[in-house]
Amino acid sequence: MFNLESSNPMYDCYEVSTEHALFFKEKVGIEFDFKKYTYFVECNLIE
């Protein structure tokens, strides 16, 4: 989705754009307001 290599551990933050919005809305029910906010996703692993 973010055009990363499979070896990339996603330590950075990645901007969620309108092209990603439907995926996140379906998975977690988030309603986006791209005129008002900028959204990012990051991955954390807790072991």
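Every read-out reported here was derived from the displayed coordinates using simple, explicitly stated rules and does not represent laboratory data. What you see is a predicted model, and the numbers here were worked out from it, not measured in a lab. Quick reminder, even Gly has a Cβ in these numbers, built from the backbone with ideal geometry, and neighbours come from all protein chains shown.
What the table shows:
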| item | result |
| --- | --- |
| Rounded to whole Hz, the Karplus (6.51, -1.76, 1.60) HN-Hα couplings of region 20-37, x for glycine and proline | 8, 4, 4, 4, 5, 5, 5, 7, 10, x, 7, 9, 9, 10, 6, 6, 9, 10 |
| Amide proton proximity set for Val16, modelled H, under 5 Å, gap of 5+ | Tyr39, Phe40, Val41 |
| Per-residue Cβ neighbour rank within 10 angstrom, fewest leading, Val41, Val16, Val28 | Val28, Val41, Val16 |
